[in-house]
Structure formats: C-alpha cells, structure tokens
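The values are calculated or read from the model by the stated rules, or taken from the named source; none is laboratory data. Remember, predicted model here, so these are calculated numbers, not experimental data. Glycine also receives a Cβ, built like all others from the backbone with ideal geometry; neighbour counts cover every protein chain displayed.
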Amino acid sequence: MLRGVDYYPEHWPEELLDEDLDRICRMGANTIRIGEFAWHLMEPTEGEYHFDFFDRVIEAAKKRGLTIIFGTPTATPPAWLAHNYNIASVSINGQQRSFGGRHTASLSSPDYLKAAKKIVRNLAQHYARESAIIAWQIDNELGHEGADVCWSHHSKKAFQHWLEQRYNSIEELNQRWGTIFWSQTYNNFQEIPLPAPTITTHNPTLRLEWARFCSWRIEEFCRLQTQWIKDYIPNAICMHDFPGGGLYKTVDYSRTAKHIDKVGYNNYPVWGGQMTPIPPHKIAFDLDYIRGLKKSSFWITEAIMGAQGHDITGYLPRPGQAAMWSVQALARGADGLSYFRYRGATKGAEQFCYGIINPDNIEGRRFLEVRDVFSFFKKNEKVFSEKISAPVAIIADFDSRMAFQIQQQAKHLDVVQEMMKWHRECHSRNIMTDVIASDADFSGYQLIIVPHHIIYSPTVCHRLQRAAQAGAHVLVTCRSLVKDQDNNLVFAQSLPLHSQDWLGIRVEETESVAETNAFCLRTPVGNNSLTNLLLPSPVSAGVLRDMLSVEPGTQVLYEYDDPFFPEYAAFTHRPLGKGATWYLGTIPGPQLRSVIIDTLLNSIGFTGIDSPDGVEIIKRGTHQVIINHCPVTQEVLGISIPPYGFQIMEE
C-alpha cells in the first residue's frame, strides 16, 4: 500500500536531494509524488524539453526503493505560453484571469490544448520504460477554485459547437428550449449566448446545458490526458487528485472518474481562516463521496499535518489529530496515503501551508507523527484492505443538483446540505453509506435515499423501481421527478413524472416558505405505527412541501396539520415487490429526520452501533476501527480511547 509524501525537489537546492530522500525513507514512506507544477522546468521555451532534473530525482529515489507518482504539469502553464498565446480563462464578470495563479488557462483554448498535449506526450514518451513510476497523476484538482467555469470567447465557441453536435438542427433546439418565450428564438448556433449575467434570468435549459458543457470540458480534458499517456504506456495507472467540495462545483466528478484508473483525494479538514476543523461527519461524507466516484478504494494524495492557508492561516491540528484524520480516511476506504507536503516552502504562494517539517529543516513533532501513522498503516494493511460493505446509498445526481442551482425554488434549500443531513443520520449510528451518482449500480443496497431528484430520467426511475422490487427500500424526497431532461415542466403530466404507480402518490400542490419549521405534521388518526415503531406526533418541517394524494395500497404515515389543506399527505410508504418505496413531501426538522431514518432502518431490519458523540466506529471486514474525534478520553465498547486516538478491535 502507498505511503507517500508530496515532494517538490525543484523548490530546493539539488544538493539537498540525497538528505531529503534518506529522511523520507526513515519516515517510513515508500512513494514520492512529484512534478505536478513544474511545466517551465520541463519546457523552458516552446518545444525545448528538458527532463534531466527529474531523471536525477527518479534515479536517486530508485536507489532507495522509492516509487513515483508523476503529475502532468498542466495546471500551471509557463509564462512564455501565457505571453505568446491567448490562453487565459475569463471570470463571470468578463475579467481575464491573470497569469500567476494556477488553473488560469481556458480548457477550451486551442493553443493551450495543443501545448498541453505536447508536454504530456513528451513526458510520457520520455518515461515510457520507467518502472519506478507506479502512477500518473492527471493535472491537479481539476475544476477547483473557480476553474470549473470559463466565460472566454474560446468557451463560447466551444459551447456553440458542442450544442451543434447535440441537436439535429437549430429548429430542434428552439423547440426543446422553448425559445419562443421572450423572443429568444435563434436562427443559428452562433447566436446562442453564454448565460452570463443579464436582467432577470436566462432560459433554464440554456443554463443546464451550459453546466453540462462545463462538466464535459473537464471530463474531456482528463480523458485526453489519459489517452496521451496510454498511447506510450498502455498499462499506465492514471489517477487524478480530486479537491474537496466537489458537489458544489459545476462538474460531475463521477463522469471524470470514468476515464482514470484510480481516484485520489486531497483531504483538508482545516484550511485558512478556519478556527475549528470541519466536523467529523462532514469529513466522512466527503470521503464516502470520493469512494463512491468509482465505488472503489482511493488514495489520499494530500493529507495534512500542519496549519494551512495561502494568505490567511488557521487552526493548527493538535498532537495526534492529523494522524486521526489519516486513519479515518484509511478506515473509510483509502488504501494509500501521501502527506502534503514534505517540507514547507520558503517562497511562493504556499509558504503558510505547513508541511511535515518546517523550512528550518528540523525533524519535529509532525515528522514523528507521520512516522507513527505510516508504521500503524503498515502494521494494519490487512485490516485496511478488507472490503467495505455499505447498506445505504445516497444518490447525488448532477443534473438535479445543477437544476436547483439554476432555480433554487426555496430560500433555505441547499440540496448538498440535505444529502449531508441524511448522511449524518447514518454516520451518527455508525452505518457506512455510499454517496454515488445516479448512473451507478444500485444492487446490493438495502436503503437508497434519493434527495430532490428534480430531473426525471426514465432509466434511473426504472432502476430504482427494480431495486425496490428486488428488496431495497427507496426513499424519494420532495420536488423529485418534476422536470424533463431539458429542465422543463411537462404538459399534461402529473407529478411525480411517470412515477405515480411505483411511488403510489400524486403531487397536488406545492409551496416554499422561508421558515424551517413552518409546517406541522401529524400521524393520521388510527394509523401511527409501522412495523411496530411508534411515530411521534406532532412533528415539524419546513422550507418546501409537496401536498400529496395517495393511490390505493399506499400508507400515509404523516399528514399536514393544516386547516386549509387537511386532506394532503406528507410522508408515505408503499410496498413494492420484496421492498418498498417511501415519499417524503417536505424538508424534515431534526426530530422528524431522525424518526424517518429509524423507521427505514427498522423496516430493513438493520441496526447501527451506539457510540458517544464524537466517536466514530467503522466496520472493516471482521474488524472495527474506533476513532475518537474529541479532545477528551472516551469510553467505547469497554475500552478507553485517548483524545484524538484510534484503535482497531476484532468484532
């Protein structure tokens, strides 16, 4: 298993190389990750390639038994490329992004793509027979820090061409988009604008297609780089280091992940300006989302040890805390771990991204902590290679997520936060959960949660229906299956679209409100139980509500306690085959959300594991990994776990 450090030898005098690599070996590492930001060093002028520096680094690493992850340097194009060609991306306000940061090139610029192809192919050709390179990292954090969207003229032309390939004619596009509205009808594809700021708002179909294009542009760039490498190294392992916050970006990382062999993740529980770390359940959500990209193990390509930040720094992980986050990642599916960075920089924008050792070059507390983590990892490799079995899946659908960004509908609705809240309910019960795309395999899950799947897909609905018939319980939440795949409402069709039979409900009315507890829900008279689980009444909900009528065979578990709408259901259950479907017509408050999860778990006969607040228990095969996220000792399953401690137990 990979135990590595992110090493930037080009930042230091070459005479430090042997000392650095010896120290990296003493730390217990077996891999170094290099090259990702060194384009100018490899190509100092156009067409002049020099790889001799990295040749020496690799030879020195090989002598010590270290393997290499080599990053393509395309995230930081050199100054000569930015100076000689118009490659800059453009922000939404029309401002060209200046050379000097990273990810500043437009992925739609022909000149940038041409130069990227040349450097990647020359790099792959040069190292085609280098056995020490165990993986190739494609670029760095694609779509991060605003690089998911570019408003340049290159992007506009590429978007128009992309649309022309998707539609048989401009007449078809006009008809499907409804451009008769506000006199938006186009005579040709070159008239179609980008959905940049305007008065009121743009056509919702235009905006969703733009989001799909932006996602495709990143996906295609990753696919191309993988192809360029495999043209010379057919058996190369190509990976990408995905950033955090992926579900808030205009990119479907699950589609990008289809073009690589291994998923990497840069795990930052703290960043500049944070006074406290990200809560454990949110770190767990991000790790489960990353694992779900390919439904497979992954590498942590950037784990932290010190405080982090570009201009503003923040919280310093307490002794043992960063090690604890590393173990959490391993327990939730990582089978490789690399720390960012070996030594903190003395120059450049990341001087305050503190590494394993400081620029003073002294082995301190963080060095010893990494050494201990690597030792723990190596000792327990068998445990961390055991299969993860998740009984629960949460569906993250890109089109639906984008549709809610385009038309939020409710002031307090955040679809990603809703996913996280459902995940937190499972996490608090120590139940492993996969966060997966809507085109992933649903088989094997006992409970499938489908939050706010507003864009109807006949394929997805059919697969959900089949999963329920095979024994799964499927929970669909409000404002699902409302629009077609063009992001439009459908004439002469009731909601949820083409799904009233298998969900057993029809949406009669809908509204949004500004309060999170605006609605009172009660159990129907004489019907307040399901599978012997007593449902509390009344309970509160808010933000949005679908008011439901039910089909024969559908049980109403909660109804709205509303004098104006007394006849409408709020939460329903319908047996289907060996399983069941459930529809929740509102955004639940904390009590109701917990009740719903307990009801669902009871229905599938599954129970979690009790633990104190702040203590996480993760099952790996026949073992349990116990992690204490608290600054005090906790008693768990008859043992004491120290602050930020962890322990592996036989189940």
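If a residue has to be surrounded by 20 or more Cβ atoms within 10 Å (Cβ to Cβ) and modelled with pLDDT of 95 or more to count, how many in segment 529-541 make the cut?
2
For the structure I just gave you, tell me whether V415 is buried (at least 21 other Cβ atoms within 10 Å of the Cβ), over 30 Å from R207 (Cβ atoms) and modelled with pLDDT of 95 or more.
Here the answer is no, as V415 does not meet what is asked.
Can you tell me how many residues in segment 396-437 are under 18 Å from the mean Cα position of the chain (by Cα), touching a residue at least 40 places away in the same chain (Cβ under 8 Å) and not in a helix (DSSP H, G or I)?
Residues flagged as under 18 Å from the mean Cα position of the chain (by Cα), touching a residue at least 40 places away in the same chain (Cβ under 8 Å) and not in a helix (DSSP H, G or I) within segment 396-437 amount to 8.
With the structure loaded, tell me whether H259 is in the same structural domain as N140 (by TED's automatic domain parsing) and in a helix (DSSP H, G or I) or whether it fails that test.
no
It is to be established whether one or more residues within segment 585-603 are more than 32 Å from the chain's Cα centre (by Cα) and of a type in the set (G, A, S).
The answer is no, given that none of the residues of segment 585-603 is more than 32 Å from the chain's Cα centre (by Cα) and of a type in the set (G, A, S).
Which residue is surrounded by the fewest Cβ atoms within 10 Å (Cβ to Cβ), if the candidates are limited to segment 84-134 and must be touching a helix residue (DSSP H, G or I) at 6+ places or on another chain (Cβ under 6 Å) and among the hydroxyl-bearing types (S, T, Y)?
Y85
Would you mention how many residues in segment 485-516 are in a loop (DSSP other than H, G, I, E, B) and either among the small types (G, A, S) or more than 16 Å from M547 (Cα to Cα) (or both)?
Number of matching residues: 16.
Can you pull out the residues in segment 274-315 that are free of Cβ contacts under 8 Å to residues at least 40 places away in the same chain, closer than 19 Å to Y644 by Cα and not β-branched (V, I, T)?
Within segment 274-315, P279, A303 meet the criteria.
Give me the residue from segment 241-286 that is farther than 28 Å from W228 by Cβ and hydrophobic (A, V, I, L, M, F, W, C) and, out of that set, surrounded by the fewest Cβ atoms within 10 Å (Cβ to Cβ).
M275
Counting just the residues of segment 365-375 that are free of Cβ contacts under 8 Å to residues at least 60 places away in the same chain and either small (G, A, S) or under 14 Å from A303 (Cβ atoms) (or both), which one comes out surrounded by the most Cβ atoms within 10 Å (Cβ to Cβ)?
Of everything passing the filter in segment 365-375, V373 is surrounded by the most Cβ atoms within 10 Å (Cβ to Cβ).
Out of E651, E616, which single residue is within 27 Å of A284 (Cα to Cα), modelled with pLDDT under 95 and in contact with a His (Cβ under 9 Å, 6 or more places away or on another chain)?
E651
Condition check: without any contact (Cβ under 8 Å) to a residue 12 or more places away in the chain and either more than 20 Å from H103 (Cα to Cα) or outside any loop (DSSP other than H, G, I, E, B) (or both). Does D18 satisfy that?
no
Here's a check for you: in segment 32-83, which residue that is part of a loop (DSSP other than H, G, I, E, B) and among the charged types (D, E, K, R) is surrounded by the fewest Cβ atoms within 10 Å (Cβ to Cβ)?
Looking at residues that are part of a loop (DSSP other than H, G, I, E, B) and among the charged types (D, E, K, R), I get E46.
Within the set of pairs 6 or more residues apart or between chains, which connect a residue that is free of Cβ contacts under 8 Å to residues at least 40 places away in the same chain inside segment 133-147 to a residue that is surrounded by 24 or more Cβ atoms within 10 Å (Cβ to Cβ) with Cβ atoms less than 8 Å apart?
Correct list of pairs: empty, since none qualify.
If the requirement is being modelled with pLDDT of 95 or more and in the same structural domain as W299 (by TED's automatic domain parsing), which of these qualifies: Q184, Q190, Q225?
On inspection, the qualifying residue turns out to be Q225.
For segment 471-484: of the residues being assigned to a loop (DSSP other than H, G, I, E, B) and in contact with a Pro (Cβ under 8 Å, 6 or more places away or on another chain), which is surrounded by the most Cβ atoms within 10 Å (Cβ to Cβ)?
S480
Considering only residues that are under 18 Å from A29 (Cα atoms) and among the aromatic types (F, W, Y), which ones fall in segment 351-381?
F367, F374, F376, F377
In this structure, does W216 turn out to be in a helix (DSSP H, G or I), buried (at least 17 other Cβ atoms within 10 Å of the Cβ) and either touching a helix residue (DSSP H, G or I) at 6+ places or on another chain (Cβ under 6 Å) or not small (G, A, S) (or both)?
Spelling it out, W216 is indeed in a helix (DSSP H, G or I), buried (at least 17 other Cβ atoms within 10 Å of the Cβ) and either touching a helix residue (DSSP H, G or I) at 6+ places or on another chain (Cβ under 6 Å) or not small (G, A, S) (or both).
Applying the selection to segment 452-470, what residues are small (G, A, S) and either under 24 Å from the mean Cα position of the chain (by Cα) or part of a helix (DSSP H, G or I) (or both)?
Passing the criteria: S457, A467, A468.
Filtering segment 210-261 down to residues that are more than 16 Å from the chain's Cα centre (by Cα) and of a type in the set (A, V, I, L, M), which residue is nearest to G336 (Cα to Cα)?
Ranking the qualifying residues of segment 210-261, first place goes to I237.
I'm trying to understand the selection: among the residues of segment 551-567, which are touching a residue at least 12 places away in the same chain (Cβ under 8 Å) and of a type outside the set (V, I, T)?
Within segment 551-567, E551, G553, Q555, L557, Y558, E559, Y560, D561, D562, F565, E567 meet the criteria.
Looking only at segment 555-612, which residues are touching a helix residue (DSSP H, G or I) at 6+ places or on another chain (Cβ under 6 Å) and on the phi > 0 side of the Ramachandran plot?
G577 - this is the single residue of segment 555-612 that is touching a helix residue (DSSP H, G or I) at 6+ places or on another chain (Cβ under 6 Å) and on the phi > 0 side of the Ramachandran plot.
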